[in-house]
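The values are calculated or read from the model by the stated rules, or taken from the named source; none is laboratory data. From a predicted model like this one, the values you see are computed outputs, not experimental measurements. All Cβ positions, glycine included, derive from the backbone under ideal geometry; neighbour counts span all protein chains shown.
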Amino acid sequence: MAMQLDQVVPFGRSLDEYRAMFSLSPDDLDSEIIGVADGPASFNAEMQALGKRVMSVDPLYVFSAAEIERRFYAVVDEIMRQVEETANDWVWTFHQSPEQLRARRIQTLMQFLADYEQGKAGGRYVIGELPRLDYSDKRFEIALCSHFLFLYSDHFSYEFHRAALFELLRVAAEVRVFPLLTLALKPSPYLMPLLEDLASSGYQCEMRTVLYELQRGGNQMLCIKRAGLT
Ligand SMILES: C[S@@+](CC[C@H](N)C(=O)[O-])C[C@H]1O[C@@H](n2cnc3c(N)ncnc32)[C@H](O)[C@@H]1O
């Protein structure tokens with residue numbers, strides 16, 4: 001089904017946030033990375049500015065920069081109003097306040113938009129969607145997926161999550177997913193069955209506590225790789 005822009009919350013995160021959410025080391029940042037569901041994150045743009053190459057895949061990239069920007073400004077006030085109303089559901093350490101969060105989301109969007117058309121032409125922003133990716137087996141060293149899998153457990157089924165994770169593991173040697181909570185701040189009901197499923201298929205899964213927590217209780221990242229690999 002074609003993506004409708006009015007169903008998307010075009011909020012993106014920065015390189016600093018990706019580094020913290022995924023515990024990315026300097027060596028990790030030098031590896032071949034694919035960011036799936038990267039949306040309007042500035043991760044790709046900031047990595048490019050550092051001379052590192054990231055491939056970002058998202059169905060959002062069917063839209064132009066102007067369309068994505070219009071959508072952001074159509075929803076930002078309402079989303080920030082909801083955040084302020086539920087201030088206790090959020091941890092104000094990485095971002096110090098709702099005002100700072102808003103300013104940083106705008107800054108992130110601006111960095112993304114400034115890089116978007118050029119990055120699309122250069123093949124760094126690719127239209128695509130889980131659970132099927134157009135890449136050969138093990139094309140990447142690390143696949144990152146932030147604020148999509150598990151978070152939208154009420155919208156996407158267990159089978160979708162399973163197929164998506166196995167597809168990410170097909171194209172990358174290691175997969176990292178953050179957060180593991182749903183939008184309702186509950187652990188995803190899919191997590192434990194998927195960990196069993198992955199373990200019985202020969203994968204090693206590790207839940208790591210990371211130095212990023214905005215959703216209260218959401219400071220865990222799932223790292224998956226083939227058992228036996230270091
Ligand atoms: C909340 S945004 C997260 C953006 C970015 N990862 C970040 O954390 O800043 C969720 C993204 O998931 C994307 N998305 C929706 N359906 C998808 C699918 N089937 N496969 C991959 N991405 C999808 C949306 O377009 C949106 O950009």
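Quick notes
- Tally, over the range 90-119, of residues that are in contact (Cβ under 8 Å) with a residue 24 or more places away in the chain, surrounded by 15 or more Cβ atoms within 10 Å (Cβ to Cβ) and not aliphatic (A, V, I, L, M): 12
- GLU17 being at negative phi, near the ligand (Cβ under 9 Å from one of its atoms) and not hydroxyl-bearing (Ser, Thr, Tyr): yes
- Of all the residues in the range 134-146, those that are buried (at least 17 other Cβ atoms within 10 Å of the Cβ) and more than 9 Å from the ligand (Cβ to nearest atom) number 4.
- Evaluated against (1) under 19 Å from ALA20 (Cα atoms); (2) part of a helix (DSSP H, G or I); (3) of a type in the set (S, T, N, Q), GLN82 falls short on exactly one condition, (1).
- Test: SER200 is at pLDDT 95 or above and over 20 Å from HIS147 (Cα atoms): yes
- Single residue of the range 147-201 satisfying the filter (acidic (Asp, Glu) and under 21 Å from ASP134 (Cα atoms)) that is farthest from the ligand (Cβ to nearest atom): GLU174
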